[in-house]
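Working notes, beginning with the structure itself.
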Amino acid sequence: YKTISYSWGVGRERDETATLLVAGQPLIVPKTSERAIRRFQANGTSVVLWCDAACINQLDREGEKNAHILYMSLVYSRSQGNLVYLGEDTDGTAALAFSTIRRLRDKDKSMLLDLKNETSANGAEIRALTSLFSRPWFRRAWVVQEVVL
């Protein structure tokens, strides 16, 4: 199986739901979970995905949900990989942001450099990076655990 790291959204987006069919049974999940699962199934290949909204009863906060938190490091470390869903590219800047990251990486620049002082980064690249790193996924507390494991 592969795990999915994603954001449940912000504001009203957190309350939007969608229905997935799991083993022939309807399962109501957050809309962002449904988008992530569909994105990683989009190429038509069959892959087993572990998504917290589908695999943990989110309504049982005192029981199942809290018990699973203890096992999250095992879930992520034993998976075949972690797929990160940053959300949809609503402003069309993701490709430029990732190409800028690759270009800076290839120049052996630190990812922590101050891009405003980087003479080779133009305004469009800075806006694209700002848009990418402003997505809700980067504000989640569990990101480090999910990506490192």
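Observations
- Residue order for LYS31, LYS107 - accessible surface, 1.4 angstrom probe, largest first: LYS107, LYS31
- Relative contact order computed over the range 1-101 (Cα-Cα under 8 Å; 6+ residues apart), in percent: 38
- Protein-only accessible surface order, largest first, of THR90, THR17, THR3 at 1.4 Å: THR90, THR17, THR3
- The amide H of LEU49, built 1.01 Å from its N in the peptide plane, has LYS2 as neighbours under 5 Å, considering only residues 5 or more places off or on other chains.
- Only Lys, Arg (+1) and Asp, Glu (-1) charged, at Cβ; the range 2-85 dipole about Cα centre in debye: 280
- With a Förster radius of 41 Å applied to the C-beta separation of ALA18 and ASP106, the computed FRET efficiency comes to 0.60.
- Helix 123-133 axis, angle to the chain major axis (alpha carbon atoms, nearest 10°): 20
- Taken along the Cα-to-beta-carbon direction at a fixed 7 Å, the label points for ILE28 and GLN80 span 3.3 nm.
- Ligands, DNA and RNA are left out, and with a 1.4 angstrom probe the accessible area of the chain is 64 Å² per residue.
- Residues listed by number, the range 2-35, amide nitrogen under 17 Å from GLN145 label point at 7 Å toward C-beta: 3-8
- Of the solvent-accessible surface of the range 2-85, computed with a 1.4 Å probe over protein heavy atoms with every protein chain present, carbon and sulfur atoms account for 52 percent.
The values are calculated or read from the model by the stated rules, or taken from the named source; none is laboratory data. Predicted model only: the values in this text are computed from it and were never measured. Counting neighbours? That spans all protein chains shown, and the Cβs are built from the backbone with ideal geometry, glycine included. The area values use the complete protein model at the heavy-atom level, side chains included, leaving out ligands, DNA and RNA. Shrake-Rupley method; radii C 1.70, N 1.55, O 1.52, S 1.80 Å.
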